Structure formats: structure tokens, C-alpha cells
1. Under a 5 Å amide H to amide H cut-off, with H placed in plane at 1.01 Å, what residues pair with Gly86 once short-range neighbours are removed?
2. Could you run the Karplus curve 6.51 cos²θ - 1.76 cosθ + 1.60 with θ = phi - 60° over the stretch 79-86 and give me ³J(HN,Hα) per residue in whole Hz, x for Gly and Pro?
3. Based on the alpha carbon coordinates of the stretch 43-90, what radius of gyration and maximum Cα-Cα distance (Dmax) apply, in Å?
4. With label points built 7 Å along Cα→Cβ from the Cα atoms of Trp32 and Gln53, find their separation and express it in nm.
5. How many angstrom lie between the C-alpha centres of the stretch 58-88 and the stretch 8-48?
6. Using the Cα centre as the reference, give the magnitude of the dipole from point charges on the C-beta atoms of the stretch 4-85 (Lys, Arg: +1; Asp, Glu: -1; all else neutral), rounded to the nearest 20 debye.
7. Per residue of the stretch 11-18, what does 6.51 cos²θ - 1.76 cosθ + 1.60 with θ = phi - 60° give for ³J(HN,Hα)? Whole Hz please, x for Gly and Pro, Karplus curve as stated.
8. Can you work out the base-10 log of I(q)/I(0) for the stretch 4-85 at q = 0.14, 0.18, 0.21, 0.26 1/Å, using the Debye formula on its C-alpha atoms alone?
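Every number here is computed from the coordinates shown, using simple stated rules; none is lab data. Since the structure is predicted, the reported quantities are computational estimates derived from the model, not experimental observations. Methodologically, a virtual Cβ is constructed for each residue, glycine included, from the backbone with ideal geometry; neighbour enumeration extends over all protein chains shown.
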Amino acid sequence: MASSDYLIDVVIEGKPGARDPEGEVIQRDLIWKNGFESVKSVRVAKLLKIVIQAKSAKEAKMIVQRLCDELRIFNPAAHSVHVALGKSQD
């Protein structure tokens, strides 16, 4: 089977329940102050878009998950990571 390029999205965010000072500032000082009081929560996350060559989408996701875990792309004590097949922007 030939290899193909896959776009993999990696979302790194604070664990649920942990404070998110940056999200709180955005909500309070930008959103609420400009009249959008219905916004109840803002969480900030990092998005990595990784293009990887693999034999399948499943293999691509597994490689990127392993990369994140082994290379400490995120701090597992403070962050959660979600790896998913990205959407092409063609």
C-alpha cells in the first residue's frame, strides 16, 4: 500500500476544571465589555497542524499521538491532548 499525506490536528488545552487565566481575560475584558454577556465560558487551546506521510489515516493519527507522548509536546499533568484527522483546506 502506498503512503499518502495526512493532515492531523493536535489540540492541546488545560485539563477540565483547571483555571484558564488567558480565557478568563478574553471573556471578561473583551467579550463581556463589548456586550456579549451570553458567553458563559472561554477556554484557550493550542492547535498544531501536522502533515505526515503514512499508509492510512489511522496510522497517521497513531504516529502523531506517539510523537506527542514521547517528545513531551504537552505537559500531561496540566494539559489534555486530542489528536484527530484534520480537514483539508483545498
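1. For Gly86, whose amide H was placed from the backbone, the distant partners under 5 Å are Leu7, Ile8, Asp9.
2. Those phi angles translate into 10, 10, 10, 10, 10, 8, 5, x Hz.
3. 11.7, 36
4. Rounded to a tenth, the inter-label distance reads 5.1 nm.
5. 21 Å
6. 120 debye
7. Result, ordered by residue: 9, 10, 9, x, 4, x, x, 7 Hz.
8. Values, matching the q order: -0.59, -0.78, -0.90, -1.14.
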